[in-house]
Amino acid sequence: MKRPETLTMRNNKALLIAATGEDPEPYRAIFRERMPELVVHTDGEDYDPASIAYALCWKPRAGLLATLPNLDVIFSMGAGIDHIIADPLLPSRQPIVRLMHDKTREQMRDYVLHVVLHYYRQMDVAAAQQASKQWEFLQIRDKSRLKVGLLGLGEMGSTAGKALAALGFSVMGWSRSPKDIPGITSYSGADGLKAMASEAHFLISILPATDDTIGILNGSLFETLPKGAIVVNLGRGNHLVPEDLLAALDSGHLGGATLDVFAPEPMPEDSPFWTHPLVRVTPHVGSDGNSDIVADAVIDNIRRVESGLPPSPVGDRARGY
């Protein structure tokens, strides 16, 4: 039996990199090294559209994928597929493969752990004391009494939740449908969201971008949280209603916020989040699908497809993730 790599070369199938704002050359170099038989093109150069079997995409030009008559698989450079299905001319038959890799799950897990531990050990309070040259003892709280509410229990959310539970935190999770995950109390639906939020000392969004999740982090939800709760957004910038968060922080109801995603990105220079004393800002680094991780995931899936297996994980177009 021939190796899958040989099948790819024999069939002369090519991959198109269509990534707005991304330098394609690091990806091309990795493919050249690790799968040299794969022909790689980039959007903007001359190529035969009929030769393209695979497309690696980040915010591809509208209508581009519809010009590829033999396209078999679409790969997303990120965990989400919203930037692809936004194309009104997107062909309907191809699976859209989400980027999901052990390393990206670990990166998101580590970010969540860092944020929760930062506030649990009151490092924000200690930093404020240092700035004002104050020395005041900070009592360590019982973490088993601190409840972390995760919005989203997919690959990223469940990995983070299990890690938090292993550290001794009480972990809850909300998702579209009930989940059975050891160490995590599951909630679903509108009533479930309010029930979980009413107990959450930490509310952390790792949700995908869908019509249902736009504006989910809003004033009504913040009012449901216990006084002093921390809000963390690692999902999408449009999950958050910025003015509602600012109002909840300024009123003293919320104790702080850490924001990694914004609408738009980069965040405008005049955004009040830059200088708000209760807000920590990071530049969309919750997980980083760098060229190594992305290329490895694509190569693994091409080998699966060329061996007659389905690619994985495939996004759900109807649900939007």
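The values are calculated or read from the model by the stated rules, or taken from the named source; none is laboratory data. Bear in mind the structure is a predicted one, so any value in this text is a computation, not a measurement. Note that each Cβ is placed from the backbone with ideal geometry, even for glycine, and that neighbours are counted across all protein chains shown.
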Cβ pairs under 9 Å, 6+ apart or interchain, first in segment 79-90 and farther than 23 Å from Val285 by Cβ, second assigned to a loop (DSSP other than H, G, I, E, B) and of a type in the set (D, E, K, R), ordered by first then second residue, are Ile85/Arg317; Ala86/Lys59; Asp87/Arg61; Leu90/Arg317
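Listed here are the residues, each with its yes/no results for (1) in a strand (DSSP E or B); (2) of a type outside the set (Ser, Thr, Tyr); (3) without any contact (Cβ under 8 Å) to a residue 12 or more places away in the chain.
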{"site": "Asp244", "(1), (2), (3)": "no, yes, no"}
{"site": "Ala248", "(1), (2), (3)": "no, yes, no"}
{"site": "Gly256", "(1), (2), (3)": "yes, yes, no"}
{"site": "Pro283", "(1), (2), (3)": "no, yes, no"}
{"site": "Val294", "(1), (2), (3)": "no, yes, no"}
{"site": "Gly308", "(1), (2), (3)": "no, yes, yes"}
{"site": "Asp316", "(1), (2), (3)": "no, yes, yes"}
Here the residues within segment 220-242 that are crowded, with 24+ Cβ neighbours inside 10 Å, without any contact (Cβ under 8 Å) to a residue 60 or more places away in the chain and among the β-branched types (Val, Ile, Thr) are Val231
Per the filter on segment 171-194, residues modelled with pLDDT of 95 or more and either among the basic types (Lys, Arg) or in contact with a helix residue (DSSP H, G or I) (Cβ under 6 Å, 6 or more places away or on another chain) (or both) are Val171, Met172, Gly173, Trp174, Lys179, Ile181, Gly183, Ile184, Tyr187, Lys194
